[in-house]
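Undergrad: Input: one structure, supplied below.
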Amino acid sequence: MAYLPALEDWLAAPGPAAVLAACRELRAVILPAECVVCGAADESLCTVCRIAVRHATLRPYNASAGAGMLPEAENDPGAAARLGAPEYLEPVSLPVTAAGRYAAGLSRVVLACKNHGHTDLLGILAEAMARALHSASDSLPTGRVALVPVPGSFRGRTRRGYDPLELILAKVRLRGLLPAGMEIRSILGYRLGAELLALRSGAQKTLGAGARRRNVHGTMTAGHPGDLRGLTVLLADDVLTTGATLAEATRALRAAGAQVAGAAVIAAVRAPAPQAPQATRQEPGSAPEIRRPRHGHGTAAKVRR
Ligand SMILES: [Zn+2]
């Protein structure tokens, strides 16, 4: 079921609070909704859950450590210093800034937007993405940066009829939330036919790490060698899992001559911790538990491109 975009987005300028409240009530009458996180009969994201999701994305953090299949960072002598990493630890993984953990309310909002037609939740995800972008831009080289979205799969676009990441980034731009000097450039695509062969229905979820990397390798293109020479890129994706997709996106962009300086995502799925004590450690940006779980919107295992 498709949902109407947020009415407040249709208003050119922020109107009086009373007008916005009336619009929300009108929408609630036209489209009875329940919160995608807690199930309360209200808007599609109730006030309590909206505050919790926002709180969970207030402190973006470097999520690279939890994704074992990320590519290496660019060979930039200044990068380690800017990231606060000692030089001798190189090679380091591509820095990936996540707005929050893929858990609790944030994961349900992402899934509702991606898999259940809740385009009315694009706004809160755009705010989270904007925070990740600003945090990531702090460690980027100065100058112009191309923000390149990881393209949605053919299968995903066909199923949904829209590309959630594309819509989220468009909203970030329309609201004037892009960091200075950053512009969105959709220059990554899938090779004709490669995606259909490699990303067969359901296959990716059940594959091991090596097979998963092979499955996605070579599926993307960003043009001919040299086409993007001199271009600095920050990749954007919605959810970081193993890093295999970002690795392939980075490979394709570097093959075309671009410098891929890092990536920003809305949420990161933390890999299982190697030692038990670390599994319970509080991560910066993690969400407080939000009321009772809502059935039907799934878990991390259901992330689909
Ligand atoms: Zn709620």
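What follows draws every value from the coordinates through simple rules; no lab data is involved. As the structure is a computational prediction, the values presented were derived from the model and not from experiment. A quick note on method: Cβ atoms are made from the backbone with ideal geometry, for glycine too, and the neighbour counts reach across all protein chains shown.
Undergrad: Counting other beta carbons within 10 Å of each Cβ, put Asp120, Asp227, Asp163 in order, fewest first.
TA: Final ranking by Cβ density, sparse to dense: Asp227, Asp163, Asp120.
Undergrad: Starting with the fewest neighbours, write out Ile51, Ile187, Ile168 ranked by other beta-carbon atoms found within 10 Å of each beta-carbon.
TA: Going from sparsest to densest Cβ surroundings: Ile51, Ile187, Ile168.
Undergrad: Non-local amide H neighbours of Ala33 (under 5 Å, H modeled in plane, Pro and chain starts lacking H): which ones?
TA: Asp42
Undergrad: Starting from the Cα of Ala180, step 7 Å along the direction of its Cβ; do the same at His217; then give the gap between the two resulting points in nm.
TA: For Ala180 paired with His217, the spin-label model returns 4.3 nm.
Undergrad: While we're looking at this one, here's another question. Please list 67-75, 254-262 highest first by mean number of surrounding beta-carbon atoms within 10 Å per residue.
TA: 254-262, 67-75
Undergrad: Also: Treat the count of other C-beta atoms within 10 Å as a stand-in for reagent exposure and order Ile124, Ile266 from fewest to most.
TA: Ascending number of Cβ neighbours within 10 Å: Ile124, Ile266.
Undergrad: Moving on to the next point. Using the Karplus curve 6.51 cos²θ - 1.76 cosθ + 1.60 with θ = phi - 60°, work out ³J(HN,Hα) for each residue of the range 33-40 in order, rounded to whole Hz, and write x for Gly and Pro.
TA: 9, 10, 4, 6, 9, 10, x, 4
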